[in-house]
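K.L.:
Structure incoming, see below.
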Amino acid sequence: MFRNQYDSDVTVWSPQGRLHQVEYAVEAMKQGSATVGIKSETHAVIVALKRAQNELCSHQKKIYEIDTHSGVSIAGLLSDGRILARFLQTECSSWRWDYKLPIPMKKLAEAMQLKLQANTQYYGRRPFGVGLLVAGYDKDGAHIIQTDPSAEVVSMLGTSIGSRSQSARTYLERHVDEFEKSTPEQLIVHALLALRDTLPAEENLSAQNTSIGIVGKDMPFKIIEDELVQTHLDQVATHPRNITAPGSGAAPAAGRQSPAPGGAGAPEPMQQ
Amino acid sequence: MAPVHDELQRTLNPTCTGASVIAMQYKTGVVVMTDRVVSYGKMARYKNVSRQYKVNDNVLVTFGGDHADFQWLQNVIERQVLLWKRFDQDIGPKALHGYLTSLLYARRCKMNPLWNTLVVAGVEEEEKNNKETSTPFIGIITQKGCAYQVKHVATGLGAFLLNQAVEDEFRKKGDELTRQEAEAVLKKALELTLYHDCVADNDFEIGRVDANEGVVLGKEQTIIGDWSIAETNCQYE
């Protein structure tokens, strides 16, 4: 049952210099449905794929507003993610109380990193089983910040986390040069095309399972959901899907998939 | 037995104080004038003391009121500057004004106010790069945490004596005022405080924050004024 004798506690090193509990938490993140974040010079976009537990269930919300200039999308244990989203909201509002200004994204990333790291070092705690993409706009411009349970917090041009996210990253790598000068509408289409690549062939993006968050210059953070997504999906539909392309996610075992086992297998019901 | 409470000790009076601060916006920046004396009651106890503190290239904080509290505030501001440096930013005038507002308000809520009137002057970094829209910033905070932004101001006794005079001059030219014109208005205003405020001094300095030059601390200057009227008015023997 046990992977080895060094994996039952976050604070115990394996002889290979690894923290297995932390790595398991990263696996939990990889089983959540995918989310993609990209930015241009002036805007940042996050898109996410929502899951429903069953036919009678509504889709779980994946994108949260943090402040007027920032929002977050979640992959992994959604209950952990909501705790972190609430934490970020509190950080933003207390900064506003102190300075009467929105919080700089770098400060937000630093606060996030400190909170995540503490859970990888103290006995009796567990890391958050969730990864976040934080989109924000401040005086330094647009930002996409990626976090994971190992407390690695990085600023990205474009990125994706969650199940089959390698397919989305493959799309992003091919088109990264186009992002900088893109309009907000073009950014959304790029993000949705990347997100579509994480889906198996028989599934597609729909107004029910897709949500979009956008923020930028003179544009407060806005969540686009349900019927409002449709116009963007219509744009995406004009780009035919190349199912046979490598990494397009036609089969779970496709070559470009994430090397981790969590990237391929059937999703656990707990992860969103 | 009933619990014993020690008396709370609070500052009920400021000890060593600075007098008026006068500040004014001009086309590309802000000029701020303070005299260079710290009084102990009515006595001019310390001469040649600057009441202006350069925070960084964009922000200048000037105070009236208790000098010890301001020295403590300088330390607080210094730590804020380092906090902002930690994420590669220089604190701007708006952010510092907001922070000091929160600080002074929190202290007055503890019934232990900081005994200062602060004038935060500066230019936002991004405004600096945009010469067309560069709008200078002047923010005031009273010791009770009451805060507002203005285009020109006089604090301390100057608030009673000078605001009208400064405003009249400002309105003649409005936002088109040059630095020389603004400084001339400030010097005239200082002359008026000198006549009416017994703790004002004739040694002064004019600091400025300019969109092109950044913060420039002023040189020590002196004004004599016209005291001929004293011969006829003051019932001297």
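Read-outs throughout are calculated quantities, based only on the coordinates presented, and are distinct from any laboratory measurement. Quick caveat: nothing in here was measured; it's all calculated off a predicted structure. Counting neighbours? That spans all protein chains shown, and the Cβs are built from the backbone with ideal geometry, glycine included.
K.L.:
Quick check: Cα centre of segment A:55-111 to Cα centre of segment A:126-193, how many Å?
P.N.:
First find each Cα centre; the distance between them is then 16 Å.
K.L.:
Continuing with the same structure: Using helices alone, what [θ] at 222 nm do you get for the protein assembly as shown, with -39,500 (n - 2.57) per DSSP H run of 4 or more residues, divided over all residues and rounded to the nearest 500?
P.N.:
Values: 13 runs with 163 residues, N = 509.
That calculation yields -10000 deg cm²/dmol at 222 nm.
K.L.:
Assigning unit charges at the beta carbon (Lys, Arg +1; Asp, Glu -1) and nothing else, what dipole magnitude in debye, to the nearest 20, does the protein assembly as shown show about its Cα centre? Numbers along the way, then the final one.
P.N.:
Working: 54 positive and 62 negative charges, 204 e Å.
It works out to roughly 980 debye.
K.L.:
Can I ask one more? When the gyration tensor of the protein assembly as shown is built from Cα positions, what are the square roots of 5 times its three eigenvalues, in whole Å, from largest to smallest?
P.N.:
Working: eigenvalues 704, 147, 58 Å².
Square roots of five times the eigenvalues give 59, 27, 17 Å.
K.L.:
If you build a Gaussian network model of chain B, linking Cα atoms that sit under 10 Å apart, which residue out of B:G18, B:G122, B:G41 swings the most?
P.N.:
Of B:G18, B:G122, B:G41, the Gaussian network model singles out B:G41 as fluctuating most.
K.L.:
How shielded is B:85-92 by partner chains, expressed as the average number of their Cβ atoms within 10 Å of its Cβ atoms?
P.N.:
Values: counts 0, 3, 8, 3, 6, 0, 1, 3.
For this peptide, the per-residue mean of nearby foreign Cβ atoms is 3.
K.L.:
I've got another one for you. Quick check on segment B:176-225: take the gyration tensor over C-alpha atoms, sort the square-rooted eigenvalues as a ≥ b ≥ c, and tell me if it's rounded (a/c under 1.5), prolate or oblate. Please report the intermediate quantities before stating the final value.
P.N.:
Numbers: a/c = 2.90, a/b = 1.79, b/c = 1.62.
Prolate is the answer for segment B:176-225, as a/c is 1.5 or above and a/b outweighs b/c.
K.L.:
Another question, then. Dividing the alpha-carbon radius of gyration of segment B:2-56 by 2.2 N^0.38 Å (N being the number of residues), what value is obtained?
P.N.:
This ratio for segment B:2-56 stands at 1.81.
K.L.:
When the Kirkwood radius is taken over all Cα pairs of segment A:1-146, what Stokes-Einstein diffusion coefficient follows at 10 °C and 1.306 mPa s, in µm²/s? Write out the running numbers ahead of the final one.
P.N.:
Values: Rh = 16.6 Å.
Stokes-Einstein gives a translational diffusion coefficient of 96 µm²/s.
K.L.:
With 10 Å bins from zero, work out the P(r) of chain B over every alpha carbon pair and list the percent per bin.
P.N.:
Percent of pairs per bin, in order: 8, 31, 34, 18, 6, 2, 1, 0.
K.L.:
So for B:W227, B:W72, fewest C-beta neighbours within 10 Å to most, what's the order? Can you show the working numbers first?
P.N.:
Working: B:W227 10, B:W72 13.
Taking fewest neighbouring Cβ atoms as first place, the list is B:W227, B:W72.
K.L.:
Taking the highest mean first, how do the peptides B:203-210, A:230-237 order by number of other beta carbon atoms within 10 angstrom per residue?
P.N.:
B:203-210, A:230-237
K.L.:
Output wanted: per-residue J couplings in Hz (rounded whole) for segment B:185-198, from phi through Karplus 6.51 cos²θ - 1.76 cosθ + 1.60, θ = phi - 60°, x for Gly and Pro.
P.N.:
These are the phi-based 3J(HN,Hα) values: 5, 4, 5, 4, 5, 4, 4, 5, 5, 4, 6, 9, 10, 6 Hz.
K.L.:
Further question: In peptide A:99-107, how many Cβ atoms from other protein chains are near each Cβ within 10 Å, on average? Don't jump to the answer; show the numbers that get you there.
P.N.:
On the way: counts 13, 8, 6, 0, 0, 5, 1, 5, 5.
The shielding value for this peptide is 5.
K.L.:
Ok, one more. Please sort A:46-56, A:164-174, A:100-110 by packing, taking for each peptide the average over its residues of neighbouring beta carbons within 10 angstrom, highest first.
P.N.:
Working: A:46-56: 18.3, A:164-174: 22.1, A:100-110: 20.1.
Answer by packing, highest mean first, reads A:164-174, A:100-110, A:46-56.
K.L.:
Pairs to check: B:K94/B:K144; A:K39/A:K107; B:K42/B:K187; A:K107/A:K139. Give those whose C-alpha atoms are more than 21 Å from each other in this structure. Show your work: numbers first, answer last.
P.N.:
Values: B:K94/B:K144 19 Å; A:K39/A:K107 19 Å; B:K42/B:K187 23 Å; A:K107/A:K139 13 Å.
Over 21 Å apart, Cα to Cα: B:K42/B:K187.
K.L.:
Moving on. Output wanted: per-residue J couplings in Hz (rounded whole) for segment B:11-21, from phi through Karplus 6.51 cos²θ - 1.76 cosθ + 1.60, θ = phi - 60°, x for Gly and Pro.
P.N.:
These are the phi-based 3J(HN,Hα) values: 6, 9, 9, x, 9, 9, 10, x, 9, 5, 10 Hz.
K.L.:
Quote the relative contact order of chain A in percent (integer), defining contacts as alpha-carbon pairs under 8 Å separated by 6+ residues.
P.N.:
Details: 612 pairs, mean separation 73.0, N = 272.
Result for chain A is 27 percent.
K.L.:
Can you pull the three principal axis extents for the Cα set of segment B:14-106, in Å, largest first?
P.N.:
45, 33, 23
K.L.:
Averaged over its residues, how many other protein chain Cβ atoms are within 10 Å of peptide A:132-145's Cβ atoms? Please report the intermediate quantities before stating the final value.
P.N.:
On the way: counts 0, 0, 0, 0, 0, 0, 1, 5, 4, 0, 0, 0, 0, 0.
Mean inter-chain Cβ contacts per residue within 10 Å come to 1.
K.L.:
Return the equivalent ellipsoid semi-axes of segment A:34-266 as a descending list in whole Å, where each equals the square root of 5 times an eigenvalue of the C-alpha gyration tensor. Don't skip to the answer; put the middle values down first.
P.N.:
Values: eigenvalues 146, 92, 53 Å².
Ellipsoid half-lengths, sorted descending, are 27, 21, 16 Å.
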